[in-house]
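Single-structure report; data block below.
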Amino acid sequence: MRCPFCGNGEDRVVDSRESREGDVIRRRRECTRCERRFTSYEKIESQPFQVVKRDQRREPFDRSKLMRGLQVACRKRPVSQDALERVADTIEMAMNDAGEREISSRDIGAMVMSRLRELDPVAYVRFASVYRNFEDVESFVKELHAMK
């Protein structure tokens, strides 16, 4: 670690603390040359998931996109933001448990649908109508009857 003030490559750690979440360590350091103090942060580097789209393009997993989809499906429904965060958390945990670094958008959509089906039937139907891209009213009605 180089001192941001004088560029010296030697310092000593004065204090170390874990963040509240436990995912970051904050270290207070003191330069051995100029004796000025500075802070560094240590965080485990994680490899992001790659989402394989229907056309086989790959893009990094984006939790905010997942949350937007959940929020749109649950708009004007009695579903709390905390409940949506829990759904997103369970989906991310399932992705981690799978052990793969790539996941298809279809698999993510299926996980979302199964959780929305339990959470709010109307939100489930809204999401399914976009996700499944129903070609006609009959296939949509079949999906509704399958919910019974």
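Which one is surrounded by the most Cβ atoms within 10 Å (Cβ to Cβ) among residues in the range 85-118 that are hydroxyl-bearing (Ser, Thr, Tyr) and in a helix (DSSP H, G or I)? Once the filter is applied, the top-ranked residue is Ser105.
If you filter the range 45-54 down to residues that are at pLDDT below 90 and under 16 Å from the mean Cα position of the chain (by Cα), you find that the one that is surrounded by the most Cβ atoms within 10 Å (Cβ to Cβ) is Phe49. Filtering the range 1-44 to residues that are closer than 30 Å to Ala94 by Cβ, surrounded by fewer than 11 Cβ atoms within 10 Å (Cβ to Cβ) and either at pLDDT 95 or above or among the small types (Gly, Ala, Ser) (or both) leaves only Gly22. For the range 83-106, the criterion of being more than 14 Å from the chain's Cα centre (by Cα), of a type in the set (Ser, Thr, Tyr) and closer than 17 Å to Ala123 by Cα is met by no residue. For the residues Ser139, Ser129, the requirement of being modelled with pLDDT under 85, among the hydroxyl-bearing types (Ser, Thr, Tyr) and touching a Phe, Trp or Tyr at 6+ places or on another chain (Cβ under 9 Å) singles out Ser129.
For (1) within 20 Å of Ile103 (Cβ to Cβ); (2) assigned to a loop (DSSP other than H, G, I, E, B); (3) among the basic types (Lys, Arg); (4) without any contact (Cβ under 8 Å) to a residue 40 or more places away in the chain, each residue gets a yes or a no:
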position: Val13; (1), (2), (3), (4): no, no, no, yes
position: Arg17; (1), (2), (3), (4): no, no, yes, yes
position: Arg27; (1), (2), (3), (4): no, no, yes, yes
position: Glu59; (1), (2), (3), (4): yes, no, no, yes
position: Val79; (1), (2), (3), (4): no, yes, no, no
position: Ala83; (1), (2), (3), (4): no, no, no, yes
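There is no residue in the range 2-20 that is at negative phi and in contact with a helix residue (DSSP H, G or I) (Cβ under 9 Å, 6 or more places away or on another chain).
The values are calculated or read from the model by the stated rules, or taken from the named source; none is laboratory data. Quantities reported herein were computed from a predicted structural model and do not represent experimental measurements. Backbone-built Cβ (ideal geometry, glycine too); neighbour counts: all protein chains shown.
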